Amino acid sequence: QVQLVESGGGLVQPGESLRLSCTASGIVFSAVMAWYRQAPGKERELVASITKSGSIKYGDSMKGRFAISRVNARPEIYLQMNSLKPEDTAVYYCNAVSSYGNYWGQGTQVTVSS
């Protein structure tokens with residue numbers, strides 16, 4: 001059984017940083033893993049993805065403030081978010097895609113507000 005468990009969300013002020021973590025179990029280490037986010041009233045959008053070899057893709061406007069990284073042994077991925085803005089407020093989801101399927105975590109809320 002595949003499980004993706006996110007952690008690290010919370011309430012921060014504009015300009016602050018957060019680091020999200022996603023731990024996967026029951027999944028092959030070769031899966032492509034990613035972070036998505038969904039703000040209220042908006043579609044889910046790609047934040048960043050990373051392959052087992054470390055190839056990274058960022059969503060539009062994400063590069064520069066956000067950085068994704070990965071530990072293959074578990075596997076586990078991280079999202080370092082810097083200089084957060086109110087428009088970054090969303091539920092952030094961990095995603096993993098392998099030849100066996102497309103899997104999602106339950107999401108973690110990130111709120112950026114003064």
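The values are calculated or read from the model by the stated rules, or taken from the named source; none is laboratory data. Since the model is a prediction, treat every value here as computed from it, not as a measurement. Cβ placement follows ideal geometry from the backbone for every residue including glycine, while neighbour counts extend to all protein chains displayed. Note: areas computed on protein heavy atoms with side chains; ligands, DNA, RNA excluded. Shrake-Rupley method; radii C 1.70, N 1.55, O 1.52, S 1.80 Å.
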Lysines whose Cα lies under 18 Å from that of LYS42, excluding same-chain neighbours fewer than 8 positions away
LYS85
What's the extension gain from LYS52 to VAL28 if we count 0.36 nm per residue and subtract their Cα-Cα distance?
7.6 nm
With every protein chain kept in place and a 1.4 Å probe, the chain has an accessible area per residue in Å² of 53
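For the chain, give the magnitude of the charge dipole about the Cα centre (Cβ charges: +1 Lys/Arg, -1 Asp/Glu; no others), in debye to the nearest 20.
240
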On the formula 1/(1 + (r/R0)^6), with r taken between the Cβ atoms of VAL97 and ARG65 and R0 of 25 Å, the FRET efficiency rounded to 0.05 is 0.55
Partners for LYS52 among lysines (Cα-Cα distance below 25 Å; same-chain residues under 8 apart left out):
LYS63
Given the whole protein assembly as supplied and a 1.4 Å probe, what does the accessible area of SER83 come to in Å², nearest 10?
60
Counting other Cβ atoms within 10 Å, keep those with at most 12, restrict to DSSP loop, and tell me which GluC sites (Glu not before Pro) in segment 27-89 are left.
GLU43
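What is segment 1-68's relative contact order, in percent, from Cα pairs under 8 angstrom and six or more apart in sequence?
22
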